[in-house]
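The values are calculated or read from the model by the stated rules, or taken from the named source; none is laboratory data. The shown structure was predicted, so the numbers you read here are calculated from the model rather than taken from an experiment. Methodologically, a virtual Cβ is constructed for each residue, glycine included, from the backbone with ideal geometry; neighbour enumeration extends over all protein chains shown. Please note that ligands, DNA and RNA were not included when accessible areas were found on the heavy atoms of the full protein model with its side chains. Shrake-Rupley method; radii C 1.70, N 1.55, O 1.52, S 1.80 Å.
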Amino acid sequence: AKRVAINQYAPALAKRQCTAQVCFRPVAPPEVDGMHRVVPQPKPSIIFRGTGKHVSQEEKDAYPDDLVVLWQPKAWVDRPMAQEWVTKVLKPMVLADRAAGVPESSRYLLIQDNLDAQCQPAYLDSLRQLGIDDHKVPPNKTDQVQPIDRGFGRMLKIYIGQECDEWLEDDENLCMWEGNLLTASARRVLIAHWYSAAFTKVIQSAAAPKIF
């Protein structure tokens, strides 16, 4: 044949679908007399492509309860998104700790890379107001230090792959996947559940205390 038709995903699927903003702490604050249960981990968060303005309530209700879903036109962490992440992820964790009895004088150490959005004065000030001290890895050395990718992130990818494989074991799901029949909404819900489940598995794994 002079011409061969090759079926492939729509061009939109070649673009970034989402970004997982991974943040975890090795241990929760130690309990003291009279302290209620503290929050073991900050909630996992995911940033989907788009504005989220036209997302149905049905889709929103389908997301895992323990997952913070954020929206950004290109699904990345720009300056406004970094600020929103502090407000919706870190702040609730700190306030929950204080409500549980953690002294307000307690300090948190946040280790992160030199992403532009994470170097802005407004962002750093938001951290300081919560009692969070910023510590950056050496510039241009993230690929060598890999505070997330070589430990938590690697396990996260493995577990997400397992969640995907388990879902594809269903013939109907496999047909939808191979036939590119999933709607954007259905894909987001699937990704949200895979990521949430994988995050929980990493935290509960025996290797979790050794990651940090």
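Show the residue pairs meeting these rules: Cβ distance below 8 Å; 6+ apart or different chains; first residue within the range 62-76 and hydroxyl-bearing (Ser, Thr, Tyr); second residue part of a strand (DSSP E or B) and at pLDDT 95 or above.
Correct list of pairs: Tyr63/Val69.
Quick one: which of Val55, Val77, Val94 is within 15 Å of the chain's Cα centre (by Cα), of a type in the set (A, V, I, L, M, F, W, C) and open to solvent by less than 50 Å² (accessible area, probe 1.4 Å)?
Sole residue among the options that is within 15 Å of the chain's Cα centre (by Cα), of a type in the set (A, V, I, L, M, F, W, C) and open to solvent by less than 50 Å² (accessible area, probe 1.4 Å): Val77.
Would you please name the residue that is modelled with the lowest pLDDT, looking only at residues in the range 96-140 that are part of a loop (DSSP other than H, G, I, E, B) and over 22 Å from Pro26 (Cα atoms)?
Asn140
Could you please tell me which pairs satisfy a Cβ distance under 6 Å, a separation of 6+ or placement on different chains, a first residue in the range 185-212 that is under 18 Å from Glu59 (Cβ atoms) and modelled with pLDDT of 80 or more, and a second residue that is crowded, with 18+ Cβ neighbours inside 10 Å and among the β-branched types (Val, Ile, Thr)?
Trp194/Ile160; Tyr195/Ile46
For the list (1) more than 23 Å from the chain's Cα centre (by Cα); (2) of a type in the set (D, E, K, R); (3) at pLDDT 90 or above, I need the number of the one condition that Asp165 fails.
(1)
List pairs: first residue in the range 126-141 and closer than 16 Å to Ala82 by Cβ, second residue among the β-branched types (Val, Ile, Thr) and open to solvent by 80 Å² or more (accessible area, probe 1.4 Å) anywhere in the structure, Cβ distance under 6 angstrom, at least six positions apart or on different chains.
Partner pairs satisfying both residue conditions: none exist.
Please determine, by comparing only the residues of the range 33-72 that are of a type outside the set (A, V, I, L, M), within 15 Å of Leu90 (Cα to Cα) and not in a strand (DSSP E or B), which one is modelled with the lowest pLDDT.
Only one residue tops the list, namely Pro40.
If you take the residues in the range 161-187 that are of a type outside the set (A, V, I, L, M, F, W, C) and surrounded by 13 or more Cβ atoms within 10 Å (Cβ to Cβ), which one is farthest from Val55 (Cα to Cα)?
Applying the filter and picking the extreme gives Gln162.
Could you check Ala75 against (1) part of a helix (DSSP H, G or I); (2) touching a Cys at 6+ places or on another chain (Cβ under 7 Å) and say which number it fails?
(1)
Going by what's in this entry, would Lys74 be described as under 21 Å from Gln17 (Cα atoms) and not hydrophobic (A, V, I, L, M, F, W, C)?
Yes: the conditions hold for Lys74.
Restricting the search to the range 97-125, which residues are open to solvent by less than 60 Å² (accessible area, probe 1.4 Å), out of contact with any strand residue (DSSP E or B) (no Cβ under 6 Å at 6 or more places or on another chain), among the aliphatic types (A, V, I, L, M) and under 21 Å from Thr142 (Cβ atoms)?
Ala117
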